[in-house]
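J.: Sending over a structure as structure tokens; questions will come in a sec.
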Amino acid sequence: MSDNGTNFVGADRALMREYQEFLKKSSKEISEKYIVNGFEWKFIPPSAPHMGGLWEAGVKSFKSHFKKVMKDMKFNFEEFSTVLVRIESVLNSRPLTPLSEDPEDLEALTPAHFLRGGSLIFAPEMSADNLSLINRWEKIKALHHTFTKRWKTEYMLELHKRYKWQYPKRNVQENDLVLIKDELLPPNDWKMGRVVKVHGGHDEHVRVVDVKTTSVSSCQ
């Protein structure tokens, strides 16, 4: 689903044309297998950007932090492309919802699962504190780390908005998949855990839980 940008409309036509060509040239067995799936590119009505509010909010969040972090930094084409791709990987690695209901499964569904069928894998990197701002490549990595830290903080606050307690809310329950804040993680890593035990207060509201992570159980 997207807006009516000419690049999106053109991509939709190209994909449909190639898909039909693929079915014609494929064997009968393959064609019958894939023709039932297909795909549909849906466009929001023209001049109605509010109907694409979900992705527009993501673009706005990216632009806001990008301007604050990069400021007056000058890039050549390769550097700019590298920064954008690294930032894109962070946004596509964010957890959306539990991947399964298995209490032992600590993996979350991410945008990357829709793009490539699985979570993203990255090479380990040194801390941004040890990167040089003189070396151009290390400066790009340092900017990437700074952007990620700011964007992750905002993303987690959006997941945990605090409203006036006018209405009862659901308590945290056992086997809930939770996202744990850890500022020492690399840009594309997210610390996930499963609630194994809840501790209710005198008012029966849960404020302390035992969380199981891939490394060790901890009380949060």
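The values are calculated or read from the model by the stated rules, or taken from the named source; none is laboratory data. Since we're looking at a predicted model, the values are computed, not measured. Methodologically, a virtual Cβ is constructed for each residue, glycine included, from the backbone with ideal geometry; neighbour enumeration extends over all protein chains shown. Accessible surface is based on the protein model in full, side chains and every heavy atom, while ligands, DNA and RNA are left aside. Shrake-Rupley method; radii C 1.70, N 1.55, O 1.52, S 1.80 Å.
J.: Would you look at the GNM of the chain, springs on alpha carbons closer than 10 Å, and say which of 68, 149, 169 moves the most?
T.: 169
J.: Right, next: Relative contact order for the chain: what percent, with Cα pairs under 8 Å and sequence separation of 6 or more?
T.: Dividing the mean separation by the residue count of the chain yields 14 percent.
J.: Within the accessible area of the chain, what % is carbon and sulfur when the probe is 1.4 Å and the other protein chains stay in place?
T.: In the chain, the share of accessible area belonging to carbon and sulfur is 56 percent.
J.: With axes computed from alpha carbons, what is the tilt in degrees of helix 53-70 against the longest principal axis of the chain, rounded to the nearest 10 within 0 to 90?
T.: 70
J.: Then there's this: Decide, for the stretch 9-96, between rounded, prolate and oblate: order the square roots of the alpha carbon gyration tensor eigenvalues as a ≥ b ≥ c, take rounded if a/c falls under 1.5, and otherwise choose prolate if a/b is larger than b/c, else oblate.
T.: In terms of gyration-tensor shape, prolate.
J.: Which of rounded, prolate or oblate describes the chain when judged by the alpha-carbon gyration tensor and an a/c cut-off of 1.5?
T.: The shape class here is oblate.
J.: Provide the per residue accessible area, probe 1.4 Å, for the chain, rounded to a whole number of square angstrom.
T.: Using a 1.4 Å probe on heavy atoms only, each residue of the chain averages 73 Å².
J.: If you count only protein heavy atoms and use a 1.4 Å probe, how large is the accessible surface of residue 34, to the nearest 10 Å²?
T.: Per-residue accessible area (residue 34): approximately 90 Å².
J.: Still on this structure: With a sphere of radius 13 Å drawn around the Cβ of residue 75, what net charge do the other residues whose Cβ falls strictly inside it have (Lys, Arg +1; Asp, Glu -1)?
T.: With Lys, Arg at +1 and Asp, Glu at -1, the neighbours total +2.
J.: Here's another thing I want to ask about it. Subtracting the Cα-Cα distance from 0.36 nm times the residue separation, let me have the gained length for residue 135 to residue 54 in nm, one decimal.
T.: 25.4 nm
J.: Here is a follow-up. Report the gain in length on full extension from residue 43 to residue 208: 0.36 nm times residue separation, minus Cα-Cα distance, nm rounded to one decimal.
T.: Fully extending the segment from residue 43 to residue 208 adds 54.9 nm.
J.: Another question, then. Each label point is 7 Å from the Cα along the Cα-to-Cβ direction; what then is the distance between the points at residue 156 and residue 180, in nm?
T.: About 1.1 nm separates the two model spin labels.
J.: On to the next question. Can you tell me the FRET efficiency between residue 34 and residue 82 if r is taken as the Cβ-Cβ distance and R0 is 35 Å, rounded to the nearest 0.05?
T.: The pair residue 34/residue 82 has a calculated efficiency of 0.50.
J.: A follow-up question, please. Which of these, 137, 190, 41, has the largest mean-square fluctuation under a Gaussian network model of the chain (Cα springs below 10 Å)?
T.: Of the options given, 41 has the highest mean-square fluctuation.
J.: In a GNM of the chain with a 10 Å cut-off on Cα contacts, which of 47, 93, 31 has the highest mean-square fluctuation?
T.: Checking each option, the largest mean-square fluctuation is seen for 31.
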